[in-house]
Amino acid sequence: MVGARRADRQVASMIAAPLRVGGLRRRMLVGNWKMNRPPDVSEYLQRLSSRAARLPSISVAIAPPATLLAQISGSDEILAAGQDCHKSASGPFTGSVSAPLLRQAGASLVLIGHSERRAEGDTDQIVRSKLESAWAAGLTPILCVGETRADVARGMVGSRVAEQVLACLPVGRPLAPVIVAYEPVWAIGTGRTPTPDEVAAAAAAIRRALPQRISANAERTTILYGGSVTPASALALREVSDIDGFLVGNASLCATDMVSIMEAIAL
Ligand code: PGA
């Protein structure tokens, strides 16, 4: 629990961090292992922790399969994140994990509304219930939003992501802590990424929508980009002023790539 308390302090200081000079927010890197794991988790964590210890301006988190959460949360420098949570705190839901159980396993963050969960049936309303469940358990949610290829074809990227932010974040929660991950559905796992200008436009649309729901935290909300992030695309996208870090899937299974992306963010 000592590690969990330290993780809470790190997340709390990130959420509450006043804007630094120049409007910079705290930078963050989240690895989403999905239903995978690196072959040697201990060695992986050791490599990330030793680099993270020398980059105190960055928060690094891993969202592993739930069975590995305790191992991640036992690591000194790395925050543990759930990949999803059930909207109920407990009950007869075979195969699901609740927010309080994630918390007990040492998670301080949880991904919510990832497009792979939305593809399995998560609507904006379910996403809203899951956010409430995460907050009730003391977790900080990472709300994932992103447009489809059809939205791009219709020229509706900005309006689509703003609409998702407004539909998923409940009204009347101006202080709710949340991190937003902008993940174009067409970029996830495809090797394709939007240009820095396209990411900037979508992130700006998200940031413009936030004050309508979380007025107290909108300006300092961390916005991540996700979708086929590699060390090279991280270097290209780190200049986007509204983007504060990355949510990385495939490349997060490789410690060398994660360290390179941490260094790209820290530059
Ligand atoms: P990817 O996944 O980096 O493999 O595209 C990102 C994500 O799904 O969060």
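The values are calculated or read from the model by the stated rules, or taken from the named source; none is laboratory data. Keep in mind that this is a model prediction, so the values were computed, not measured. Cβ sites come from the backbone with ideal geometry, for glycine too, and all protein chains shown count toward neighbours. The protein model used for the area step is the full one, side chains on, heavy atoms only, and it has no ligands, DNA or RNA in it. Shrake-Rupley method; radii C 1.70, N 1.55, O 1.52, S 1.80 Å.
The table for this structure:
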read-out: Residues located in segment 172-183, provided they are open to solvent by 60 Å² or more (accessible area, probe 1.4 Å) and farther than 15 Å from Ile112 by Cβ; value: Gly172, Leu175
read-out: Segment 214-228, subset open to solvent by less than 10 Å² (accessible area, probe 1.4 Å) and within 16 Å of Thr190 (Cα to Cα), residue farthest from the ligand (Cβ to nearest atom); value: Tyr225
read-out: Hits in segment 236-262 (condition: in contact with a Pro (Cβ under 8 Å, 6 or more places away or on another chain) and away from the ligand (no atom under 13 Å from the Cβ)); value: Ala236, Glu239, Val240, Ala255, Ser260
read-out: Of all residues in segment 37-91 being surrounded by 20 or more Cβ atoms within 10 Å (Cβ to Cβ) and of a type in the set (D, E, K, R), the one that is modelled with the lowest pLDDT; value: Glu77
read-out: Residues of segment 151-169 satisfying the condition of being in contact with a Leu (Cβ under 9 Å, 6 or more places away or on another chain) and either within 16 Å of the ligand (Cβ to nearest atom) or at pLDDT below 95 (or both); value: Gln164
read-out: Answer from Ala181, Ala176 - the residue that is assigned to a loop (DSSP other than H, G, I, E, B), within 17 Å of Val110 (Cβ to Cβ) and not polar (S, T, N, Q); value: Ala176
read-out: Options Ser215, Ser228; residue that is polar (S, T, N, Q), at positive phi and outside any helix (DSSP H, G or I); value: Ser228
read-out: Residues being open to solvent by 20 Å² or more (accessible area, probe 1.4 Å) and closer than 18 Å to Ser115 by Cβ - total across segment 184-213; value: 9
read-out: Output for segment 112-126, where each listed residue is closer than 24 Å to Gly172 by Cβ and touching a Lys or Arg at 6+ places or on another chain (Cβ under 8 Å); value: Ile112, Gly113, Asp122, Ile126
read-out: Subset tally (residues that are part of a loop (DSSP other than H, G, I, E, B), within 14 Å of the ligand (Cβ to nearest atom) and under 20 Å from Trp186 (Cα atoms)) for segment 82-121; value: 5
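Residues are listed down the side, and each one gets a yes or a no for (1) buried (at least 21 other Cβ atoms within 10 Å of the Cβ); (2) touching a residue at least 24 places away in the same chain (Cβ under 8 Å); (3) in contact with a Cys (Cβ under 7 Å, 6 or more places away or on another chain):
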{"residue": "Thr94", "(1), (2), (3)": "no, no, no"}
{"residue": "Val97", "(1), (2), (3)": "no, yes, yes"}
{"residue": "Pro100", "(1), (2), (3)": "no, yes, no"}
{"residue": "Gln104", "(1), (2), (3)": "no, no, no"}
{"residue": "Gly121", "(1), (2), (3)": "no, no, no"}
{"residue": "Ala136", "(1), (2), (3)": "no, yes, no"}
{"residue": "Ala153", "(1), (2), (3)": "no, no, no"}
{"residue": "Ser159", "(1), (2), (3)": "no, yes, no"}
{"residue": "Pro170", "(1), (2), (3)": "no, yes, no"}
